[in-house]
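Let me begin by presenting the structure, written as structure tokens, before commenting on it.
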Amino acid sequence: MNKIILEIRAGAGGDEAAIFAGDLARMYQRYAGRRGWTFSVLDYNQTSLEGYKSFVAEVSGEGVYEALKQESGVHRVQRIPKTEKAGRVHTSTASVAVLPQVEPKEVHLADSDLEVTFSRAGGPGGQNVNKVETAVRLLHKPTGIVVSSREERSQHANREKALAILRAKLYEMQTSAASAELGASRREQIGSADRSEKIRTYNFPDDRITDHRIGKKFHNIEKILDGDLDPIVRAFQKREP
């Protein structure tokens, strides 16, 4: 699959969790650039110049799903936050979901099941607020799933992007219900973002990343967060049959 929806949400840890979510978003964006993939931001809820409560992007390119599918789950960071005056190490989390984008024919969406609202899109802190209501918010009434898109310039384009996100989430729910072998549901995939539910830990004091599923450790955190994800991607690919 060559197109995915990437969703990142801040978990436990307040402002530091939001900053970590921003670090992950930039890591994936830079990795996409290294791979020659297209990385399009669809929606975000920014808390500061560095942090995100939520972040949604569309990533497309050769082999994107195979390379990033193992990123789904709770990521945990251990470091001294910039706001910490006593020099104490804090533990925070962010959740990542990687959802393959599906064709419209694979998921039936009835207009009667959708509640569509429009608003003005704008940059962080209310910058460059559009005078036209181009941002789109979709509520799927049967499931309660809410998605939005505001980065495109037209209302129609944002509606199509929001529909693509919704289809991806519904498709994953349907396939998970049909067969446990196809993976957990989005709710299970994301988890509660509790500190104990983690797939990977980024330990800054020891300059070590540990993936708890394969029991493998990686060093040079800053380089990896700068987009050098290949060592982790290759470690998972070597384990596949």
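The values are calculated or read from the model by the stated rules, or taken from the named source; none is laboratory data. A quick note: this is a predicted structure, and the numbers were derived from the prediction, not measured. Don't worry about glycine lacking a Cβ; one is built from the backbone with ideal geometry, like all the others, and counts go over all protein chains shown.
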Quiz item: In the range 29-64, how many residues are closer than 15 Å to residue 100 by Cβ, of a type outside the set (A, V, I, L, M) and not in a strand (DSSP E or B)?
Solution: 4
Quiz item: Does residue 93 count as in contact (Cβ under 8 Å) with a residue 12 or more places away in the chain and crowded, with 23+ Cβ neighbours inside 10 Å?
Solution: yes
Quiz item: Any chance the range 149-158 includes a residue that's buried (at least 19 other Cβ atoms within 10 Å of the Cβ), in a strand (DSSP E or B) and modelled with pLDDT of 80 or more?
Solution: yes
Quiz item: Does residue 13 qualify as being more than 11 Å from the chain's Cα centre (by Cα), at pLDDT below 95, at positive phi and not assigned by TED's automatic domain parsing to the domain that holds residue 164?
Solution: yes
Quiz item: Residues in the range 99-111 that are touching a residue at least 24 places away in the same chain (Cβ under 8 Å) and closer than 24 Å to residue 133 by Cα: how many?
Solution: 1
Quiz item: Mind checking which residues of the range 24-36 are surrounded by fewer than 21 Cβ atoms within 10 Å (Cβ to Cβ) and under 17 Å from residue 79 (Cβ atoms)?
Solution: 26, 27
Exercise. Quickly run through the range 202-218 and pick out the residues that are of a type in the set (Lys, Arg) and touching a residue at least 12 places away in the same chain (Cβ under 8 Å).
Key: 208, 213, 216
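Confirm whether residue 82 is of a type in the set (Lys, Arg) and either assigned to a loop (DSSP other than H, G, I, E, B) or not assigned by TED's automatic domain parsing to the domain that holds residue 206 (or both).
Values: of a type in the set (Lys, Arg): yes; either assigned to a loop (DSSP other than H, G, I, E, B) or not assigned by TED's automatic domain parsing to the domain that holds residue 206 (or both): yes.
The answer is yes for residue 82.
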Quiz item: So which of 20, 55, 39 ends up being free of Cβ contacts under 8 Å to residues at least 60 places away in the same chain, under 24 Å from residue 230 (Cα atoms), crowded, with 21+ Cβ neighbours inside 10 Å and of a type outside the set (D, E, K, R)?
Solution: 55
